[in-house]
Amino acid sequence: MILFMKNPLFLFIVFAFTIVGCKNEDKIAEAVSKIPLQLKVSRFDNEFAQATPEDIPKLRKAYPYFFPAPDSVWVAKLNDSLQIELRGEVMAEFKDFDEEISDVEMLFKYIKYYFPKDRIPRMITVTNDVDYQNRVILADSLLLVGLDNYLGPEHKYYAGLQRYIAAEMDRRFMVSDIAGAYANKKVPLPKDRTFLEQLIYYGKILYLKDRIMPFQTDERKIGYTDDQLLWAQANEEPIWRYFVERELLYSTDNKLAKRFLDPAPFSKFGLELDNESPGRLGRYLGWQIVRSFMDRNTLTLQQLMDLSGEEIFKKSNYKPNK
């Protein structure tokens, strides 16, 4: 750090790039704000919670994709005590839904800015029996959001879940989950089975979130707490050194995904510090590599998506923070 301060040219270059970056972001934000888009939102969860058996035909007509089962199934659901309680909890938590709607609308404005041909779906809120693995479902014209998966990590419904899972079942992660569902459709699957290719795949998803939800924090993009992100930032260099020294980057060992990429309470280095670490540190490093690449190359997001992990890595000149 002292060396940097003794080098005025270095400081000037950093300052200049920061100013240019901020100006570009401001221009994009201004252009996005002018995009005419009004998100269509339907609160099916509320409508069903307030319905009577006589209302089922009307709901079936309004939401035909929800009603493949006979009316008797839905009538039973209306009268089920557990379902009644679940709907009541959701209604109590989401009386005020305006902030989330505003953020989701902004998300789709950014998507429209970068991918103008993409269709903006209709957003429908539902309850889905706390199916947290499918809390957001994005189809071509429909975005389904299971609100019972966003009642807060300490909610009684989540008491039986592992803490690292419940931690993200909070409404502050909803927009990030929607952005993730979109990114999963946009980013091609890894072109080979190497650990590096998988790192870059998740890095692309997180970088796409950078672009389409710049109004959200890095913690929300990756699903970390403040402390977890700080831990990843502080330990970026030794994590990277661990991967390189053990020649993991070009390994095709399937166990690496479970250790460093899949959701987990912590990453598995086989060291004493494991319990201190957040999970998915491989995704975090892939994110930093893609960021480094895009800082040095002028490409569209679609061009980035089409590149292999190997090419991105070689041209990224990635050097971890120490």
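The values are calculated or read from the model by the stated rules, or taken from the named source; none is laboratory data. Fair warning: this is a prediction, and the values are worked out from it, not measured in the lab. Here the Cβ positions follow ideal geometry from the backbone for every residue, glycine too, while neighbour counts run over all protein chains shown.
Just a yes or no: is a residue in the range 241-252 within 21 Å of residue 308 (Cα to Cα), polar (S, T, N, Q) and touching a residue at least 24 places away in the same chain (Cβ under 8 Å)?
yes
Kindly evaluate residue 262 against the criterion of being part of a loop (DSSP other than H, G, I, E, B), of a type outside the set (A, V, I, L, M), outside the structural domain of residue 163 (by TED's automatic domain parsing) and modelled with pLDDT of 95 or more. Spell out the reasoning first.
Values: part of a loop (DSSP other than H, G, I, E, B): yes; of a type outside the set (A, V, I, L, M): yes; outside the structural domain of residue 163 (by TED's automatic domain parsing): yes; modelled with pLDDT of 95 or more: yes.
Yes.
Is at least one residue of the range 79-98 assigned to a loop (DSSP other than H, G, I, E, B), in contact (Cβ under 8 Å) with a residue 40 or more places away in the chain and outside the structural domain of residue 220 (by TED's automatic domain parsing)?
yes
State all residues of the range 302-322 that are part of a helix (DSSP H, G or I) and buried (at least 17 other Cβ atoms within 10 Å of the Cβ); if no residue qualifies, say none.
304, 309, 312, 313, 316
Residue 165 - would you say it is within 21 Å of residue 218 (Cα to Cα) and not assigned by TED's automatic domain parsing to the domain that holds residue 225?
Judged against the criteria, residue 165 is a match.
Quick one: what pairs do we get from the range 285-296, first residue assigned by TED's automatic domain parsing to the domain that holds residue 222, second of a type in the set (Lys, Arg) and not in a helix (DSSP H, G or I), C-beta under 9 Å, 6+ apart or different chains?
What qualifies is 292/319.
Could you tell me which of the residues 129, 192 is more than 30 Å from residue 307 (Cβ to Cβ) and part of a loop (DSSP other than H, G, I, E, B)?
Criteria check complete, one pass: 129.
Only one residue in 197, 168 is in a helix (DSSP H, G or I) and either modelled with pLDDT of 95 or more or surrounded by 19 or more Cβ atoms within 10 Å (Cβ to Cβ) (or both), so which one is that?
Of the residues listed, the single one that is in a helix (DSSP H, G or I) and either modelled with pLDDT of 95 or more or surrounded by 19 or more Cβ atoms within 10 Å (Cβ to Cβ) (or both) is 197.
For the range 11-22, check the following and say yes or no: at least one residue is surrounded by fewer than 10 Cβ atoms within 10 Å (Cβ to Cβ) and either modelled with pLDDT of 85 or more or assigned to a helix (DSSP H, G or I) (or both).
Scanning the range 11-22, I find no residue that is surrounded by fewer than 10 Cβ atoms within 10 Å (Cβ to Cβ) and either modelled with pLDDT of 85 or more or assigned to a helix (DSSP H, G or I) (or both), so the answer is no.
Tell me, which residue of the range 279-301 that is surrounded by fewer than 22 Cβ atoms within 10 Å (Cβ to Cβ) and among the basic types (Lys, Arg) is nearest to residue 115 (Cα to Cα)?
Here the residue is 291.
Name the single residue that is farthest from residue 101 (Cα to Cα) among those in the range 213-228 being in a helix (DSSP H, G or I) and touching a residue at least 12 places away in the same chain (Cβ under 8 Å).
228
Within the range 256-288, restricting attention to residues that are among the polar types (S, T, N, Q) and in contact with a helix residue (DSSP H, G or I) (Cβ under 8 Å, 6 or more places away or on another chain), which residue is nearest to residue 197 (Cα to Cα)? Walk me through it before giving the result.
Filtering the range 256-288 down to residues among the polar types (S, T, N, Q) leaves 267, 275, 277, 288.
Adding the requirement that they be in contact with a helix residue (DSSP H, G or I) (Cβ under 8 Å, 6 or more places away or on another chain) leaves 267, 277, 288.
Working: 267: 19, 277: 23, 288: 14 Å.
Looking at the filtered set, the residue picked out is 288.
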